[in-house]
There are 2 protein chains.
Amino acid sequence: MSENLEELASRYRDILRQAVYLVRSIDAEGELSTGQVSTLNMISAQPMRVSAIARYAGIRVPSSTEQVIKLEAAGLVERITDESDARAVLVRITATGRKKLGEANKRRNANMAAALGTLSAGEQLAVANAIPAIAKLNAALKS
Amino acid sequence: MSENLEELASRYRDILRQAVYLVRSIDAEGELSTGQVSTLNMISAQPMRVSAIARYAGIRVPSSTEQVIKLEAAGLVERITDESDARAVLVRITATGRKKLGEANKRRNANMAAALGTLSAGEQLAVANAIPAIAKLNAALKS
DNA sequence: ACTCATAGTTAGACAGCCTAACAATAGGCT
DNA sequence: AGCCTATTGTTAGGCTGTCTAACTATGAGT
């Protein structure tokens, strides 16, 4: 059984490595980078701290700061001070940011949907069924 | 149905984005980068051309050349000329490269297996069942 | 009030990818 | 044979996104 798990791990690692390039390919066109879309998606529900963004994205705080600076320069987010902690910075999406995010998501989803459309119904189902498990797996490595 | 596909695309994009960071986390320790391990895995069965490595990895030829140069400097691969085509360069893994690759794969698979071990048997099965579909999806975007 | 911890920024470096331009070889066509 | 176009790979130069280290400012406990 442990042997099966190692085997599964190996195969899963292999397709994941390739999937990274799939993401790049999907995100290639458009003005926003993968990371920018990711950040905007995170804060679309409510403002988040720079450190929270970093933690969720799996990057260090300085890298997160840099991303936020670029998004702010582009007018897509704004910094607001956390009233309960003067050290913290809350990053909030702007109306423009929300608009651009919607466009970017739409375009990227269409690209991905087109790729998914080349799969058989059974294959699509297999992907759909695996999503919760993959999400759990991602969370497991977030420690 | 097209609506379902967009929905699936959105959810799949979401977990894939996070999976990118999972791969980084898995590969963090050790001397070899993700790309280096990937390249070594590719050529472990038989030598490959620089262009074939690039195509499979989803990167451009100059980037592939660069990777090969680094691997060669580290003594992990060697360039040999293709006897049937003097333009081509075959990249072959060395004994040292094979040894390092084995160690890296072992460590990474163990990390991934540990994460997979936190899933239920059903979830593990769902992941396993999705792998062929995901592989096909990756290939679909390779055009 | 002092001290240590936490939040974020700045500075400097590095890996990995890209495009453009180039050299060498292959292969087809006249 | 000779030429022309396509293919293979390298080199040069630039950009993005990440990192660590060092710093500032604020919070929190003693």
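The values are calculated or read from the model by the stated rules, or taken from the named source; none is laboratory data. Just so you know, these numbers come straight off a predicted model, no measurement behind them. All Cβ positions, glycine included, derive from the backbone under ideal geometry; neighbour counts span all protein chains shown. What goes into the accessible areas is simple: the full protein's heavy atoms, side chains included, and nothing from ligands, DNA or RNA. Shrake-Rupley method; radii C 1.70, N 1.55, O 1.52, S 1.80 Å.
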Pseudo-spin-label distance A:Glu78 to A:Arg60, built 7 Å along Cα→Cβ, given in nm, is 3.2 nm
Rounded to the nearest 500, the 222 nm mean residue ellipticity computed for chain A from DSSP H runs (n ≥ 4, each -39500 (n - 2.57)) alone is -23000 deg cm²/dmol
Binned at 10 Å from zero, the C-alpha pair distances of the range A:60-120 give percents of 20, 33, 26, 15, 5, 1
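Using a 1.4 Å probe over the heavy atoms of the protein chains, calculate the carbon and sulfur portion of the accessible area of the range B:2-140 as a whole percent.
Working: 3610 of 6890 Å².
Carbon plus sulfur share of accessible area: 52 percent.
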So, over other residues within a Cβ distance under 10 Å of A:Asn41, counting Lys, Arg +1 and Asp, Glu -1, the net charge is +1
Placing one equal point scatterer on each C-alpha of the range A:1-61 and summing with Debye, one gets log10 I(q)/I(0) at q = 0.18, 0.21, 0.26 Å⁻¹ equal to -0.81, -0.89, -1.02
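From the C-alpha gyration tensor of the protein assembly as shown, pull out the three semi-axes of the equivalent ellipsoid (sqrt of 5λ each), sorted largest to smallest, in whole Å.
Details: eigenvalues 233, 104, 85 Å².
Square roots of five times the eigenvalues give 34, 23, 21 Å.
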Output field shielding_mean for B:103-111 (other chain Cβ, 10 Å radius) holds 3
The simple spin-label model distance between B:Ala110 and B:Arg92, using points 7 Å out along Cα→Cβ, in nm, is 3.2 nm
Quick note, the range B:36-90: a/c under 1.5 would make it rounded; otherwise a/b > b/c is prolate and the rest oblate (a ≥ b ≥ c, C-alpha gyration tensor); here it is rounded
For the range B:21-143, the dipole about the Cα centre with charges only on Cβ (Lys and Arg +1, Asp and Glu -1), to the nearest 20 debye, works out at 120 debye
In whole angstrom, the spacing between the Cα centers of the range A:1-55 and the range B:1-45 equals 7 Å
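For every other residue with a beta carbon closer than 13 angstrom to the beta carbon of B:Leu76, add +1 if it is Lys or Arg and -1 if Asp or Glu, then tell me the sum.
Details: positive: B:Lys70, B:Arg79, B:Arg92, B:Arg98, B:Lys99, B:Lys100; negative: B:Glu31, B:Glu72, B:Glu78, B:Glu103.
Once positives and negatives cancel, what remains is +2.
How big is the Kirkwood radius of the range A:2-140, worked out from every pair of different alpha carbons and given in Å to one decimal?
Working: mean 1/r = 0.0583 Å⁻¹.
Mean inverse Cα-Cα distance, inverted, gives 17.1 Å.
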Cβ-Cβ cut-off under 12 Å around B:Met112, Lys and Arg +1, Asp and Glu -1: the net charge is +2
From the Cα centre of the range A:102-137 to that of the range B:77-117, the distance in Å is 31 Å
Those helices of chain A passing the 27 Å axial Cα length cut-off and the mean Kyte-Doolittle cut-off of -0.5 (DSSP H runs only) are A:2-27, A:121-140
Probe 1.4 Å, heavy atoms of protein chains only: per residue, the accessible area of the protein assembly as shown in Å² is 51 Å²
Note: A vs B interface, total accessible area buried (1.4 Å probe; ligands, DNA, RNA excluded), nearest 100 Å², is 5600 Å²
